[in-house]
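Heads up: the structure comes next, in structure tokens.
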Amino acid sequence: MKYLTIAVLGHINHGKTSLINSLTGINTDTRKDEQERGMTIDAGFAYLKKNNSIISFTDVPGHEKFSKNMLSVINSIDCFIICISAIEAIMPQTEEHLEIMRLLEVKKCIIIITKFDLVDNFNQITKLEQNHIVNTQGTKAPLFRKFDFDKNAKEFMFEYNNEKTILEYFKKIAYFDYDLFYFSTKEKKYSENIINYLLSLDIKEKKVKNDVIFPIDRVFTKQGIGTIITGNLYSGEINKDDILKIFPLNKEVRIKKIETHNEIVNKIKIGYRAGINLNINHNEINKGDILVLNYKETNCIYITFNKSILLEKKIKNNDRIRLYYYSCESFGKIIFLDLKSSENTNIIFAKIVLEKKIFITKETKIIIKNFSPIYLIGSGIVIKEEDFDKKLKTEIKVKLLIFYEKNDYINIINEYLLLNKESFLKEDNLKKIIPNYFYQENLKKLEEFNLIFRKNFGIIKKTYYFDCLEKIFLIIKEAKELVSKNYISKITLFNSEMIDIILKELFNYKKISFYDNNYFIKEEDLTKDEKKLYDFLIEKKFIFLNEILKEDDFKKVNTINLIKSLLFKNKIVKITDDFFISDIIWNECLEKTKDSIKSLGKITPTELKEILNTTRKYIMPILEYMDKIKFTKRDGNYRVLFKV
């Protein structure tokens, strides 16, 4: 099913609500004060279901006092209708609404001329073919392009008094991909023609973004159901029974029920308008709150700033502003990274320091107004959601922001590696400079640029990583005994977590093995039976040959030949003719014996028995073999280290 979201814009009393009522049969002025005053104060909503399509209409307030309400509901529209009264023509809110759409880069526009049947000289108005304007590219184009809604309808132009207003209006019209219709409540054919046109529109399906963002534009309660919120899904998907959070309340809620256009559904996609039933008291939620999956608060954002062509006053650094995004209004100060450039171009980098922490994501489009008096300043697109390190110079910030604007995270990473004079960026630091999804979804791309990502660590230069890997492997390979992580750290001075990552990788690729937090080279040339005996000796630690031969696993094989083979491969040590110890356990015995003698000065067999956690029948041949190889020597009833 095709889903289309349309904002209906225009100046007060230019027929927006009447148009929507005629198209859908729904009166969007639901508030008592709206009906009494004959104006839309809060945004109204209606829909049309036809031909396997749903068209969702948002009736936007036209009075300048309610522009905040207008901005809170245009975050996820596909196109817009601009209603222009034939009686009043272009009015201030017509101008501002069109400019806001231009700033938000919503190009598809349907111009509806309302109340034209009330204009006395309508039949004498100049034909379309005789009226041309100069568009933004400097070429001539017709003011209005006719859609074949009525072959007998005559095109017309308005009479304008303010030459500047006309020129500015023409510039904006030339920016949009627009079509023109006339509308009157007196004849049904006008609304039917508009509906047929809207159903024919080919709107590209919105790309699903990862995180759920559902700006809340209404909160109310219904007896027997509970709390209900409404809004348009800005990002992600929402399913029945999902567990989400309310920002800024920071409270988890469950999605009890979802309704879209009077139909109960189990899921809504990006762009859909819906009412959602939550398991929370309605007094805890406010209009402007956001239903999210995850969020991170910030009090500073960086944007690409686009100055409004309606702005006549000069913008200064630290001017207090109003920021509109999702369904929210926030206050802050704007700071241009290069104030001089703001006078020469419409698009520059700016920093916004918020008075309160907010939730906003990269690539969110925002509208900016002056705080007081309220007037349109411009727009922006969020390119970074938190502040830079205060030590960074402005030129470095600008350089990084150019990369952020292009989503060039490879160059951002390389720039930070240069700045930090490091060969790696740890995950905690990465989270501050690039989104999580990037390095998790672009591992191959990272490697193309000589970078490696390792979970629970971060991003590492490939050359540095393999240099570390080779050095650590050689240390373990050339050691004559088991190697501890502390030993590796003392020799290499590598980052502790880097050593952990490399040791884990060497182990996963079966290049090394470990025992009791010590590492050794893993030989890969053992036969199946040899490995079985070798692992058995490691497990048992100390065992005589006659005890091995009693084991079922070694009754059916030539265990003596396996012993000889393991001796040849230096995998076991012959203590006596009937006593063999694996190389791992033997190295452990030597290490613990040496450490104990160094600590105590000398040691008795009983003491060593306790240290090696064995019995006297094994400890005596072990000590005698240590004496034999001149590792230890007798000193009365004690053993001391043999000194050359």
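The values are calculated or read from the model by the stated rules, or taken from the named source; none is laboratory data. All of these numbers come straight from a predicted model, not from anything done at the bench. Note: ideal-geometry Cβ built from the backbone for every residue, glycine included; neighbour counts use all protein chains shown. With ligands, DNA and RNA removed, areas are computed over all heavy atoms of the protein, side chains included. Shrake-Rupley method; radii C 1.70, N 1.55, O 1.52, S 1.80 Å.
Give me the residue from the stretch 294-319 that is among the charged types (D, E, K, R) and open to solvent by less than 60 Å² (accessible area, probe 1.4 Å) and, out of that set, nearest to LYS351 (Cα to Cα). Step by step, filter the stretch 294-319, then rank; the result is ASP319.
Here is a yes/no grid of residues against (1) out of contact with any helix residue (DSSP H, G or I) (no Cβ under 9 Å at 6 or more places or on another chain); (2) at pLDDT below 95:
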position: ILE243; (1), (2): yes, no
position: LEU249; (1), (2): no, yes
position: GLU259; (1), (2): yes, yes
position: GLU263; (1), (2): yes, yes
position: GLY271; (1), (2): yes, yes
position: GLY275; (1), (2): yes, yes
position: LYS287; (1), (2): yes, yes
position: TYR295; (1), (2): yes, yes
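Show the residue pairs that are 6+ apart or on different chains and have beta-carbon atoms under 9 Å apart, the first residue being within the stretch 514-542 and closer than 19 Å to THR614 by Cβ and of a type in the set (S, T, N, Q), the second being part of a loop (DSSP other than H, G, I, E, B) and at pLDDT 80 or above. As it stands, the answer is ASN518/LEU482, since those pairs meet every condition given. Of everything listed in (1) surrounded by 11 or more Cβ atoms within 10 Å (Cβ to Cβ); (2) within 25 Å of ASP578 (Cβ to Cβ), the single unmet condition for THR615 is (1).
Which members of the stretch 281-320 meet the condition of being under 17 Å from ASN239 (Cα atoms) and part of a loop (DSSP other than H, G, I, E, B)? Break it down into steps so the answer makes sense when it comes.
Restricting attention to the stretch 281-320, the residues satisfying the condition of being under 17 Å from ASN239 (Cα atoms) are 290-294.
Result: LEU293, ASN294.
Filtering the stretch 561-576 to residues that are free of Cβ contacts under 8 Å to residues at least 12 places away in the same chain and farther than 19 Å from THR614 by Cβ leaves ASN561, LYS564, PHE568.
Scanning the stretch 464-499 for residues that are within 23 Å of ASP428 (Cβ to Cβ), modelled with pLDDT under 90 and open to solvent by 40 Å² or more (accessible area, probe 1.4 Å) yields TYR464, LEU493, ASN495, SER496, GLU497. Selection of the stretch 1-25 for residues being hydrophobic (A, V, I, L, M, F, W, C) and touching a residue at least 60 places away in the same chain (Cβ under 8 Å) yields LEU4, ILE6, ALA7, VAL8, LEU9, ILE12, LEU19, LEU23. I'm checking my understanding of the structure. Among residues of the stretch 557-571 that are open to solvent by 50 Å² or more (accessible area, probe 1.4 Å) and either closer than 24 Å to ARG616 by Cβ or not in a loop (DSSP other than H, G, I, E, B) (or both), which one is modelled with the highest pLDDT? Among residues in the stretch 557-571 that are open to solvent by 50 Å² or more (accessible area, probe 1.4 Å) and either closer than 24 Å to ARG616 by Cβ or not in a loop (DSSP other than H, G, I, E, B) (or both), the one modelled with the highest pLDDT is ILE560.
Only one of the numbered conditions (1) at pLDDT 85 or above; (2) surrounded by 22 or more Cβ atoms within 10 Å (Cβ to Cβ); (3) not aliphatic (A, V, I, L, M) is violated by ASP78, and that is (2).
Of all residues in the stretch 454-463 being basic (Lys, Arg) and outside any helix (DSSP H, G or I), which is most open to solvent (accessible area, probe 1.4 Å)? Please lay out each step first, then the result.
Just the residues of the stretch 454-463 that are basic (Lys, Arg), to begin with: 454-455, 461-462.
Filter once more, keeping what is outside any helix (DSSP H, G or I): 454-455, 461.
Details: ARG454: 53, LYS455: 150, LYS461: 66 Å².
If we take residues in the stretch 454-463 being basic (Lys, Arg) and outside any helix (DSSP H, G or I), then LYS455 is most open to solvent (accessible area, probe 1.4 Å).
Specify the residue that is modelled with the lowest pLDDT; the eligible residues are those in the stretch 500-524 that are open to solvent by less than 60 Å² (accessible area, probe 1.4 Å) and of a type in the set (Ser, Thr, Tyr). Result: TYR515. Residues of the stretch 371-409 that are in contact with a Ser or Thr (Cβ under 8 Å, 6 or more places away or on another chain) and among the β-branched types (Val, Ile, Thr): ILE374, ILE377, ILE381, VAL382, ILE383.
Out of all the residues in the stretch 254-278, which are basic (Lys, Arg) and in a strand (DSSP E or B)?
ARG254, LYS256, LYS257, LYS267, ARG273
Taken as a whole, the condition of being of a type in the set (Gly, Ala, Ser) and either open to solvent by less than 10 Å² (accessible area, probe 1.4 Å) or touching an Asp or Glu at 6+ places or on another chain (Cβ under 6 Å) (or both) applies to SER235. Looking across the stretch 356-379, the residues that are in a strand (DSSP E or B) and open to solvent by 30 Å² or more (accessible area, probe 1.4 Å) come down to LYS356, LYS357, LYS365.
The residues of the stretch 256-293 that are surrounded by 15 or more Cβ atoms within 10 Å (Cβ to Cβ), closer than 12 Å to LYS240 by Cβ and under 22 Å from the mean Cα position of the chain (by Cα) amount to a single one, ILE268.
Look at (1) out of contact with any Leu (no Cβ under 9 Å at 6 or more places or on another chain); (2) not in a strand (DSSP E or B) and you find that ASP211 fails only one, number (1). Just the residues that are within 19 Å of PHE57 (Cβ to Cβ), assigned to a strand (DSSP E or B) and open to solvent by less than 20 Å² (accessible area, probe 1.4 Å), please, taken from the stretch 215-229. Result: PRO215, single match.
The rows are residues; the columns are (1) in contact (Cβ under 8 Å) with a residue 60 or more places away in the chain; (2) among the charged types (D, E, K, R); (3) farther than 30 Å from TYR47 by Cα.
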position: GLU263; (1), (2), (3): no, yes, no
position: ARG273; (1), (2), (3): yes, yes, no
position: LYS316; (1), (2), (3): no, yes, yes
position: LEU354; (1), (2), (3): no, no, yes
position: ILE358; (1), (2), (3): yes, no, yes
position: ILE367; (1), (2), (3): yes, no, no
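The C-beta contact set for the stretch 430-446 (first residue of a type in the set (D, E, K, R), second residue modelled with pLDDT of 75 or more, distance under 8 angstrom, 6+ apart or interchain) comprises LYS432/GLU386; LYS445/ILE410.
Taking the criterion of being over 18 Å from ARG639 (Cβ atoms), open to solvent by less than 10 Å² (accessible area, probe 1.4 Å) and not in a strand (DSSP E or B), the residues of the stretch 572-606 that qualify are ILE584, ILE585. Looking across the stretch 149-204, the residues that are surrounded by 15 or more Cβ atoms within 10 Å (Cβ to Cβ), in a helix (DSSP H, G or I) and modelled with pLDDT of 85 or more come down to TYR190, SER191, ASN193, ILE194, ILE195, TYR197, LEU198, LEU199. A single member of VAL398, VAL382, VAL353 is part of a strand (DSSP E or B) and open to solvent by 30 Å² or more (accessible area, probe 1.4 Å), and it is VAL353.
Report yes if some residue within the stretch 55-69 is open to solvent by 30 Å² or more (accessible area, probe 1.4 Å), at pLDDT below 85 and among the hydrophobic types (A, V, I, L, M, F, W, C); otherwise report no. Yes, there is a match, as at least one residue in the stretch 55-69 is open to solvent by 30 Å² or more (accessible area, probe 1.4 Å), at pLDDT below 85 and among the hydrophobic types (A, V, I, L, M, F, W, C). For first residues located in the stretch 578-591 and more than 12 Å from PHE520 (Cβ to Cβ), partners that are basic (Lys, Arg) and part of a strand (DSSP E or B) and lie 6+ apart or on another chain with Cβ distances below 6 Å form the pairs PHE580/LYS574. The set of residues in the stretch 525-556 being surrounded by 14 or more Cβ atoms within 10 Å (Cβ to Cβ) and more than 57 Å from the chain's Cα centre (by Cα) consists of ILE543, PHE544, LEU545, ILE548, PHE554. Of the residues making up the stretch 620-638, not a single one is open to solvent by less than 90 Å² (accessible area, probe 1.4 Å), under 26 Å from LYS532 (Cα atoms) and touching an Asp or Glu at 6+ places or on another chain (Cβ under 8 Å).
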